[in-house]
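Peer 1: My structure is below; once you've seen it, I'll send some questions.
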Amino acid sequence: MEIALMKKRQLGHSGIEVPALCLGGNVFGWTADERRSFELLDALLEGGLNFVDTADVYSHWAPGNRGGESETILGRWFKARGNRDRVILAAKVGLPMGEGKQGLSKKYVRQAVEDSLRRLQTSYIDLYQSHRDDESTPQEETLGIYAELIAEGKVRAIGASNFTATRLQSALEASRKYNLPPYESLQPEYNLYDRAGYETALEGVCVKNGLGVIPYFSLASGFLSGKYRSAEEAARVPRAGMLKKYFNPRGMRILAALEEVAREVKANPAQVALAWLMARPGITAPIASATTVEQLHELVGATRLELTPAAIEKLNQASTETVVA
Ligand SMILES: NC(=O)c1ccc[n+]([C@@H]2O[C@H](COP(=O)([O-])OP(=O)(O)OC[C@H]3O[C@@H](n4cnc5c(N)ncnc54)[C@H](OP(=O)(O)O)[C@@H]3O)[C@@H](O)[C@H]2O)c1
């Protein structure tokens, strides 16, 4: 019922409407077991957010995993609930899935998409993304296989992730030159701490070409929630490797500003960090994951938060140091 109330945004020019926040699926089969993953996905739909991001390779880094676990859990959930048509599903291809299984060649993408569809127990993926650039494959070859998949109804739209601005631009030009489908979205790393990578060059390409932008690590792996008070504390959790770079004076300054704004708007720092992202140029829907239903509810709450220009300025000032204009 709430789905009708949630304000939707257009994902680039794809014609696909998405809510203002996407649930990250790399926790399924890693820090969220199957039962918890089902609870999170149920709560997501109840909260009116029907947008989920996964990848074939998730969550291969967890002990005992080989990749495909996140898609498998999602597939079982679609089957158990009979709700595939209610969800906007984003998936990815290209990172290593075993010997000779990686990249964006026509042959490999064809094989990978069939594997993903089987694990996901669906006949189509709404947004199929190149997980990272593959300079050894001509861009028109990759776009050509995506054109086939779109024509076959297996994919609705395509997106890029982790591309440089130059390579994203050249892919868009290849689409025009060869009359192939264009990337409709970009998935970059972007959050209140990691700003320069997106803001220096990618933002301009995305805004100019009307691409949807769905950034990952929106909460800086949980750091921006303010729940870790020290590097030692963060060193004890499964995300330790990703968290350690944030514990420095600039990181602490950002947390202080988040906490100040959170008090003013009666929200929590994670919600403020997401609301800041949602207000940035070109951003369609930040991606964040959750490992408890409480966290999921907080993510849903963030979509209702609008920051004043003064609050945004405070956050910009606290985080601005390493941004190259
Ligand atoms: N394209 C790419 O190369 C790429 C790379 C990485 C990720 N991604 C995508 O982006 C998604 C998001 O990345 P991520 O999950 O690694 O990072 P994230 O969204 O920055 O951090 C999410 C984590 O923060 C914690 N958290 C969430 N809500 C919270 C709250 N309200 N209060 C306190 N802690 C909270 C949870 O971890 P705890 O269990 O520690 O509490 C949660 O799993 C992934 O699932 C994936 O879909 C894409």
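The values are calculated or read from the model by the stated rules, or taken from the named source; none is laboratory data. Keep in mind it's a predicted model, so treat the numbers as computed, not measured. All Cβ positions, even for glycine, are placed from backbone atoms using ideal geometry, and neighbour counts span all protein chains on display. Surface accessibility is based on the protein's heavy atoms, side chains included, excluding ligands, DNA and RNA. Shrake-Rupley method; radii C 1.70, N 1.55, O 1.52, S 1.80 Å.
Peer 1: Put a dot 7 Å past each Cα toward the Cβ at residue 99 and residue 189; how far apart are the dots in nm?
Peer 2: Output for this residue pair reads 3.1 nm.
Peer 1: Check which residues have an amide H placed less than 5 Å from residue 16's amide H, if you skip close sequence neighbours.
Peer 2: Placed amide hydrogens put 11 under 5 Å from residue 16.
Peer 1: What is the distance, in nm, between label points placed 7 Å from the Cα along the Cα-to-Cβ direction at residue 242 and at residue 306?
Peer 2: Label at residue 242, label at residue 306, 3.1 nm between them.
Peer 1: Under the rule a/c < 1.5 gives rounded, and otherwise a/b versus b/c splits prolate from oblate, where does the stretch 1-115 land using the Cα gyration tensor?
Peer 2: Oblate, because a/c is 1.5 or more while a/b does not exceed b/c.
Peer 1: Hey, another quick one. Between residue 264 and residue 107, what length in nm is gained on full extension when 0.36 nm per residue of separation is reduced by their alpha carbon distance?
Peer 2: Full extension from residue 264 to residue 107 adds 51.1 nm.
Peer 1: Please give the direction-averaged projected area of the C-alpha convex hull for the chain, in square nanometres with one decimal.
Peer 2: Values: hull surface 63.7 nm².
Mean shadow area of the hull around the Cα atoms is 15.9 nm².
Peer 1: To continue, here is another question. Of all DSSP beta bridges in the chain, what percent run antiparallel (nearest 5)?
Peer 2: In the chain, approximately 5 percent of DSSP beta bridges are antiparallel ones.
Peer 1: Sequence gap at least 6, Cα distance under 8 Å: using those rules, report the relative contact order of the chain to the nearest whole percent. Could you put the intermediate results ahead of the total?
Peer 2: Working: 611 pairs, mean separation 59.9, N = 325.
It comes to 18 percent, rounded to a whole number.
Peer 1: Apply the Karplus curve 6.51 cos²θ - 1.76 cosθ + 1.60, θ = phi - 60°, to the phi angles in the stretch 306-320 and return the couplings in whole Hz, x for Gly and Pro.
Peer 2: 10, 8, 6, x, 5, 5, 4, 4, 4, 5, 4, 5, 5, 10, 6
Peer 1: In debye, nearest 20: dipole of the chain around its Cα centre with unit charges on the Cβ of K, R (+) and D, E (-)?
Peer 2: For the chain, the charge dipole is close to 120 debye.
Peer 1: Go through the stretch 54-62 residue by residue and turn each phi into a ³J(HN,Hα) via Karplus (6.51, -1.76, 1.60, θ = phi - 60°); whole Hz please, and just put x for glycine and proline.
Peer 2: 9, 7, 4, 7, 6, 10, 4, 6, 6
Peer 1: Another question, then. Taking 0.36 nm per intervening residue step and subtracting the Cα-Cα distance, what contour gain separates residue 17 from residue 235 on full extension?
Peer 2: 74.6 nm
Peer 1: Give me the extension gain from residue 136 to residue 80: residue separation times 0.36 nm, minus the current Cα-Cα distance, reported in nm with one decimal.
Peer 2: Here the answer is 16.1 nm.
Peer 1: Using the heavy atoms of the protein chains alone and a 1.4 angstrom probe, what is the accessible area of the chain per residue in square angstrom?
Peer 2: Per residue, the chain has 43 Å² of solvent-accessible surface.
Peer 1: Further question on the same structure: With just the Cα atoms defining each centre, how far is the stretch 160-228 from the stretch 60-135? Give it in Å.
Peer 2: Measuring centre to centre over Cα atoms gives 20 Å.
Peer 1: Sticking with this structure for a sec: Picking from 278, 29, 186, whose Cα lies most toward the positive end of the charge dipole for the chain (charges on Cβ: Lys, Arg +1; Asp, Glu -1)?
Peer 2: Of the listed residues, the answer is 29.
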